[in-house]
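Trainee: Would you mind keeping the following structure in view while I ask a few things?
Read-outs throughout are calculated quantities, based only on the coordinates presented, and are distinct from any laboratory measurement. Since we're looking at a predicted model, the values are computed, not measured. When we count neighbours, we look across all protein chains shown, and the Cβ atoms used for this are built from the backbone with ideal geometry, even at glycine.
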Amino acid sequence: MECSNCGSKDFNEILPGILECKVCKKIVQAKVEVKIEKKEFEDSFEDGNTFMDHAGISKKWEICEKGITLEKDKNRWVAALICHTPDEPESRYIRLSWFRKSFYEHAGMVKVYSADELVNIMTALVKIDASFDDNFNWIGKFDPKSAKDIELPSLKKKGAAYICPNPKCGRTMHKVNNGRYYECEQCGEVIILEDGNPIFDLPSSSLSLNFSTNFPINYYLPEAGITIKWLMGEWKAIVVINDPDNPEKRFLRFYWWTRDLQDYMQGGMRMDSGRALVWEPKKGAMSPNIYNKEVMRRMVKALTKCKEELGW
């Protein structure tokens, strides 16, 4: 650097960062080059104790064996973990986890128990990556709003009765509880009728993984999303959404809904003015917003490693 007063390049350091010109004695502050280190996340497993000791995981309910960090700063920590329950070490599953604040308390999670559902998650993330730009603006080949409903296969009937949708069964099902639902005596498969419309489990491997917009989201507005699991009482989806107060800002969230079917199947009357079959957010499964598509891409790589580790 040069002295702005006399042009000399000779200085004495008085204090760290404070210099004195040897010629004219002018005091100047040195220009400090600040190097910002970019955090690089390795696609390798960390020991599970790292997450058990420093993140909000209850040892009473589950044990983390290993995990891969996807995103971490002073405000939150996102990771893909392999866990099992304390009393069943062989019951291994994947837990996508979100922890918040500097002490990383539990903020949300999505648990994955099957290879079919895991493949759906990875496929959905890849499709979202290809169909949205880096700001999550739609660039796909068709308008997802033209496909508002999940594509449910039609059930076969024999007279007034349904044929069991289980591909390994196919027996005739029988009415139960005054026709409130049908049950297969052979495999136990159930079809619930709501206002005459059948509700039944769909195998994760048979989902279309097409974009749709008909999600029970209360506050945010869904741009488009993909259902990754659909059972009578459980629904999971990955959805690009926006805030109604800021519709130009879009981001990604995982959603996990459940509904209680027992009262509807067993009771003679619906509870709460017909709300017995309403989808409700699963407790503890809230997902923070994902704004960076690089986190999505790291998630796909991490889930691929988890799949290989579990032998799914």
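Trainee: Where a Cα-Cα gap under 20 Å defines reach, which aspartates and glutamates qualify for residue 9, not counting those fewer than 8 residues away within the same chain?
Mentor: 20, 33
Trainee: Round to the nearest 10 and give me the degree value, 0 to 90, for the angle of helix 293-310's Cα axis relative to the longest principal axis of the chain.
Mentor: Around 60 degrees separate the two axes.
Trainee: Now for a separate question. Considering only C-alpha atoms, what is the centroid distance from the stretch 99-118 to the stretch 201-235, in Å?
Mentor: Between the Cα centre of the stretch 99-118 and that of the stretch 201-235, the gap is 19 Å.
Trainee: For a quick check, take a GNM of the chain with Cα springs below 10 Å and name the residue from 214, 49, 12 with the largest mean-square fluctuation.
Mentor: 12
Trainee: What is the order of 113, 93, fewest Cβ neighbours within 10 Å to most?
Mentor: The order, fewest Cβ neighbours first, is 113, 93.
Trainee: Among the lysines in the stretch 133-200, how many pairs, 8 or more places apart or on different chains, have alpha carbons under 16 Å apart?
Mentor: Lysine pairs meeting both conditions in the stretch 133-200 amount to 4.
Trainee: Let me ask something else. Let me know the shape class of the stretch 69-143, please: from the alpha-carbon gyration tensor, a ≥ b ≥ c as square roots of the eigenvalues, rounded when a/c is under 1.5, otherwise prolate if a/b is greater than b/c, or oblate.
Mentor: Oblate, because a/c is 1.5 or more while a/b does not exceed b/c.
Trainee: Now for a separate question. Run lengths n ≥ 4 of DSSP H only: what is the helix-derived mean residue ellipticity at 222 nm for the chain, with -39500 (n - 2.57) per run over all residues, to the nearest 500?
Mentor: Using -39500 (n - 2.57) per qualifying helix, the result is -4500 deg cm²/dmol.
Trainee: Oh, and also: Specify which labelled value, from [x] 0.98; [y] 1.17; [z] 1.01, agrees with Rg/Rh (Cα atoms, Kirkwood Rh) derived from the coordinates of the model shown.
Mentor: Here Rg/Rh (Cα atoms, Kirkwood Rh) agrees with entry [y].
Trainee: What is the spin-label model distance, in nm, from residue 205 to residue 280 if the labels are put 7 Å beyond Cα along the C-beta direction?
Mentor: 3.4 nm
Trainee: Within 10 Å of each residue's Cβ, count the other Cβ atoms and sort 126, 239, 28 from fewest upward.
Mentor: Arranged by neighbour count, lowest to highest, 126, 239, 28 become 126, 28, 239.
Trainee: Follow-up. What are the residues whose amide H is under 5 Å from the amide H of residue 162, where those residues sit 5 or more places off or on another chain and H is modelled from the backbone?
Mentor: Here 173 satisfy the definition.
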